[in-house]
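Below: the structure, in structure tokens.
Every number here is computed from the coordinates shown, using simple stated rules; none is lab data. In this text the structure is predicted, and so the values were computed from the model without any measurement. Positions of Cβ are generated from backbone atoms using ideal geometry, with glycine treated the same way; all protein chains shown enter the neighbour counts.
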Amino acid sequence: MTTSQANAPASVRLAAYAALVVSLVHIVFGAIVRITGSGMGCGDNWPKCYGRWFPPLERMDLIIEVFHRYLAITLFAAIAVLAVLAWRHRAHSAVGGKGGVWNAALLSVGLWFAPALFGAVTVFAGNPPWATVVHKALAATLLAMLAVATVRAGGLGGASIVSGSGSRKAIGGTTAAAVMALLVILLGGLTAKLPGAAVACAGFPLCGEGSTGGGAQHVQLTHRVLAYLLVLHLISLPFVFRKRGEPSPMITAAWVALGLGVLQIVWAGWMVTGGFPNVVRSLHQATGMFIWVTAFVMTYLARRAAGQVAQ
């Protein structure tokens, strides 16, 4: 497929980018909900907040929770626009067919309902840690599908990837990065919700003296060790890709992932040594989600370059 064929109409590509950005903002705001303890800000009411679509904004936990729900509605609208535009342009080679934007957009519509409905389960169950982890996994899956739609539309380096231009060896390294990134963010969500886990390790980079011990500490330490292994793995990828002559979008994604990984370590150290301020905790979780989507895009680009997925 040529570059012009790989590029979907500009309207479809912009809609895919918009839906991806809104999804990222929604997930980051979800982390703020967890960190500030605002998950029950609307009580056990869902989808309304204390019986109202627009409740009085009198408490900060209510404001945070209700705006998280408003963002979910905005995300649905963005995905719906993407799906409608993809349907209108389905005759285009980059939109219709097995490897086109239309299929990814349609799946994104379906995937929107999974975290949205599970959000109700989370509220009715009293916002337990396990429900938070499942909710985050579903949201990360939707984010990945929107990234697929964006790449298929020609964004995020998708337009310059030619089948056969990359090696199959890159698939293993990028997949390992994506899997580790997903595990790290899910463990991060569990750490943020499990009582005592966020502050279970008093030192950095390991737990150090004054740590609480017990199961909460094991969760925290496992989260850290996986994060360190992920960063060590990310350090090798841009150099290996350059040596092999992998496509430039993959090399760029590898450098971005590495930069985000280093930044994540900085946030983690600041968070622990600075007394766990909510702003830094939010930046920490947001960066983790950016690492996940970057690693996923890198994996998808590697598969396209190796001819493992439809162009």
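Among residues other than residue 136 with Cβ under 12 Å from its Cβ, the summed charge is +2 (Lys and Arg +1, Asp and Glu -1).
A cut-off of 5 Å between modelled amide H atoms, ignoring neighbours fewer than 5 places along the same chain, links residue 45 with 50.
Provide the three semi-axes, in whole Å and in decreasing order, of the ellipsoid equivalent to the chain as defined by the square roots of 5 times the Cα gyration tensor eigenvalues.
Numbers: eigenvalues 225, 148, 34 Å².
Taking √(5λ) for each eigenvalue gives 34, 27, 13 Å, largest first.
For the range 1-160, the dipole from Cβ point charges (+1 on Lys and Arg, -1 on Asp and Glu) about the Cα centre works out to 400 debye, to the nearest 20. Among the lysines of the chain, pairs that are 8 or more positions apart or on different chains and have alpha carbons within less than 26 Å of each other number 5. Taking only DSSP H segments of four or more residues, each worth -39500 (n - 2.57), what value at 222 nm results for the chain once the sum is divided by all its residues, to the nearest 500 deg cm²/dmol? It lands at -24500 deg cm²/dmol.
Using the Cβ of residue 86 as centre and a radius below 12 Å, the other residues enclosed give a net charge of +4, where K and R count +1 and D and E count -1.
Note on the chain: with charges restricted to the Cβ of Lys and Arg (+1) and Asp and Glu (-1), its dipole about the Cα centre is near 880 debye.
When the Cα convex hull of the range 162-311 is projected onto planes of every orientation, the mean area is 8.7 nm². Net charge in the neighbourhood of residue 172 (other residues with Cβ under 14 Å of its Cβ; Lys, Arg +1, Asp, Glu -1) is +3. Put simply, the amide H of residue 95, placed in the peptide plane, has neighbours under 5 Å in 101, leaving out anything fewer than 5 places away on its chain. Positive-end ranking of 308, 170, 68 along the dipole of the chain, with charges on Cβ about the Cα centre, is headed by 308.
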